[in-house]
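Enquirer: One structure is given below, represented as structure tokens, and several questions about it will come after.
The values are calculated or read from the model by the stated rules, or taken from the named source; none is laboratory data. These numbers come from a predicted model, not from an experiment. Cβ coordinates were reconstructed from backbone atoms using ideal geometry, including for glycine residues, and neighbour counts include every protein chain displayed. Quick note on the areas: whole protein, heavy atoms, side chains included, nothing else; ligands and nucleic acids left out. Shrake-Rupley method; radii C 1.70, N 1.55, O 1.52, S 1.80 Å.
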Amino acid sequence: MPAALPKKSKKNQQPKAPTSSLIKRIIRTYVACYKTELFIAILFMAFAAAMTAALAALMQPVLDDVLYGKREDMIIPVALGICLTFCGRGISTYIHTILMNKVGQYIVSDIQTDLFKKFMHLDMAFFHANPSGQLVSRVVNDVNIMRYAVTDSLTGLGKSLFTLIFLIGLMFLTDWKLTLAAFIVFPLLSGFVIYVGKRLRKISKSIQSELGDLSDLLSQTFQGIRLIMAYRAEDFEIVKVTRAIHRVRDLNIKSVRISTLLTPVNEILVGFIFAGIIIYGGYEVIAGRTTAGHLASFIAAFTMAYEPMKKLAKLNNTLQTGLGAADRVFLMIDTKPQIMDTNDAKIITSKTPDVKFDNIEFSYAGEDLRALQNISFTAQNGQVTALVGPSGGGKSTIMNLIPRFYDPTNGAVKVDGVDIREISQASLRENIALVSQDITIFNDSVMANIRYGNLNASDDAVFEAAKSAAAHDFILGFDDGYETIVGENGTKLSGGQKQRISIARAILRDAPILLLDEATSALDNESEKLVQDALKLLEKGRTTIVIAHRLTTVQEADQILVLDQGCIAERGTHDALLTQNGVYAQMYKTGMKG
Ligand code: ADP
């Protein structure tokens, strides 16, 4: 089975981690390492909250001493007190906001790095099962939602909770019975808050999944833009992408509709409580049992407490949305690669290893049909083994098994007599150079693209490799020479130039096993000759396995394997196979059309 995530149709049926364990994991793995910053931020939050309560408390002397008591001596101290309180609140809010944001950004980059590291260690089956747009969306969108949830929850919890504590404390001191009456209704709200949170978490998962699909659609569209233009499929693509955009839009609207349900419920509740306070407080003041200043201070505290209370109620929404994203991120972080090194993985020491397929059988995950069966052959060092046959015969699959992109279902692939499952992946792949027909060229300099073959190679080694691959001259012909940026997928290079760069890369790698997937696209005669010469040089002294599309390569191969429907239909040299007058001879006659 591949290390794959459940398919799209099952996206909302994924096992959901319990909230508490998810929160614990986020805190333990990503938040705990910033405890100093968090501690300082919380101190400043508490200070800012105390200042808010102080402002409410100051309403009492403003009314009782200054306005009603007409005490001139109190004007300046009370005004100064209010001014200082605002200053204190402003500065401490600035400090804790900066600190919390810093922590949030660090958490995002930590999770993004972890995710990317994970991707770099997962196997091919995972990447087949998860389109690249989905993966990009995980790293960019989900992680950002997690950051928002973490910082918002921490700030919200810290600041709102402190503010509430101070304000409710002040209200208790002013009138404890009224305070109890005012807040007794709030537990009723919590059930509703939890219900809304649950629905939001579910919807957030769907939004993220749809966003992933949208990213995927977009990246596919941009990659295939030539085809789209050539086939005038712009309108078709616009309809497809617009549908995806609308799905995201509608889900977002649904999410806002649900989360905003809290607002009217909150407002109505507070309206009733407020009216109650005015009625009760008004009678108390008129009866002389309390002062107008105390009532004003109580009302100020209640009004100020309303904001943090609303925030706390909404906090669950943000938290649930974030947990939805965390679920998806952790699902990826926890994916176990199917292809792993054993504890005592060996390294390849031979400089001339052969490659042996020992009765290999292989099926791709989820496919009933076997892509390969009864495949046995040995590719000797210093020889060229050519794979030919009709499309879908299994040639690429054989190539995929050698670097362990997949493990065989049965049988063993051996390098230098050792089952490659016992060899460390690093050592195995260091010993393999891959030149494939869909050449990967990064949007970087020519130098960097060649150096990909050996990241530690000196500039001189790169020049030498380029010379051997007959690439040096055309590279020097560019305005910036080796520093020329080649464009996405090497758009600034011709087909032949790309091939020669990829050959230079393989020469630089200097690995004893060479896997070659010959380009099918026709090159002009001169380029063709240059590429062929470069390949000949590259093949020398190596164990070469080549998917052959050209007659020349096949004729000179030491061994030809004719693959048909996953089996080796014929094997031998060119001459021997022609004499056999079987599939190969037939293919040869019809110009290797397969
Ligand atoms: P060839 O290189 O000779 O054209 P392949 O090795 O690519 O043939 O394909 C062999 C068989 O495996 C084909 O039936 C093909 O459809 C199937 N196949 C190839 N790649 C995959 C994949 N990633 N998932 C499922 N089936 C695959």
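Enquirer: What distance in nm lies between label points placed 7 Å from Cα along the C-beta direction at Asp459 and Ser424?
Expert: Here the modelled spin labels are 3.2 nm apart.
Enquirer: Follow-up. Taking the alpha-carbon distance from Lys311 and a cut-off under 18 Å, which aspartates and glutamates remain once sequence neighbours fewer than 8 residues away in the same chain are dropped?
Expert: Qualifying aspartates and glutamates at Cα under 18 Å: Asp152, Glu267.
Enquirer: Taking the Cα centre of segment 154-290 as origin, work out the dipole magnitude from +1 charges on Lys and Arg Cβ and -1 charges on Asp and Glu Cβ, in debye rounded to 20.
Expert: 300
Enquirer: When the dipole is taken about the Cα centre of the chain, and only Lys, Arg (+1) and Asp, Glu (-1) are charged at their Cβ, what size is it in debye, to the nearest 20?
Expert: The calculated dipole for the chain is roughly 2220 debye.
Enquirer: Turning to a different aspect of this structure: Taking R0 as 41 Å, what FRET efficiency do you get between Ala230 and Ile91 from their Cβ-Cβ distance, rounded to the nearest 0.05?
Expert: Efficiency, from the Cβ-Cβ distance: 0.10.
Enquirer: Where in segment 179-280 are there chymotrypsin sites (Phe, Trp or Tyr not before Pro) that are in a DSSP coil and have at most 14 other Cβ atoms within 10 angstrom of their Cβ?
Expert: Sites meeting the loop and neighbour criteria: Tyr231.
Enquirer: Mind ranking 67-75, 133-141, 202-210 by how tightly packed they are, going by the mean number of other C-beta atoms within 10 angstrom, highest first?
Expert: 202-210, 133-141, 67-75
Enquirer: For Leu67 and Ala275 in one chain, what is 0.36 nm times their gap in residues minus the Cα-Cα distance, to one decimal in nm?
Expert: Full extension of this stretch gives 72.4 nm more.
Enquirer: With every protein chain left in place and a probe of 1.4 Å, what is the accessible surface of Arg89, to the nearest 10 Å²?
Expert: Using a 1.4 Å probe on the heavy atoms, I get roughly 70 Å².
Enquirer: Answer with one residue from Thr36, Cys83, Val446: the one whose Cα lies farthest towards the positive end of the charge dipole of the chain, charges on Cβ with Lys, Arg +1 and Asp, Glu -1.
Expert: Cys83
Enquirer: Where does helix 35-57 land angle-wise versus the long Cα axis of the chain, in degrees 0 to 90, nearest 10?
Expert: With both axes taken from Cα atoms, the answer is about 30 degrees.
Enquirer: Let me ask another. Restricting to DSSP H runs of at least four residues, report the calculated mean residue ellipticity at 222 nm for the chain, -39500 (n - 2.57) per run over all residues, nearest 500 deg cm²/dmol.
Expert: Helices in the chain give a 222 nm mean residue ellipticity of -19000 deg cm²/dmol.
Enquirer: For the pairs Lys159/Lys254; Lys356/Lys536; Lys202/Lys314, flag any whose C-alpha to C-alpha distance is greater than 24 Å.
Expert: The answer is Lys159/Lys254.
Enquirer: Between Asp344 and Thr113, what is the FRET efficiency for a Förster distance of 25 Å, r being their Cβ-Cβ separation, to the nearest 0.05?
Expert: 0.25
Enquirer: Sort segment 156-230 into rounded, prolate or oblate with this rule: let a ≥ b ≥ c be the square roots of the eigenvalues of the Cα gyration tensor; rounded if a/c is under 1.5, and if a/c is not under 1.5, prolate when a/b is larger than b/c, oblate otherwise.
Expert: The shape class here is prolate.
Enquirer: Please state the charge dipole magnitude for segment 419-549, taken about the Cα centre, from unit charges on C-beta atoms (+1 on K and R, -1 on D and E), reported in debye and rounded to the nearest 20.
Expert: The calculation lands at about 300 debye.
Enquirer: Percentage of Cα-Cα pair distances in the chain greater than 38 Å, rounded to whole percent?
Expert: Percentage above 38 Å: 52.
Enquirer: Of Ala54, Tyr482, Phe172, whose Cα points farthest to the positive end of the dipole of the chain (charges on the beta-carbon: +1 Lys, Arg; -1 Asp, Glu; origin at the Cα centre)?
Expert: Phe172
Enquirer: Nearest 5 is fine: what % of DSSP beta bridges in the chain come out antiparallel, could you say?
Expert: DSSP beta bridges in the chain are roughly 50 percent antiparallel.
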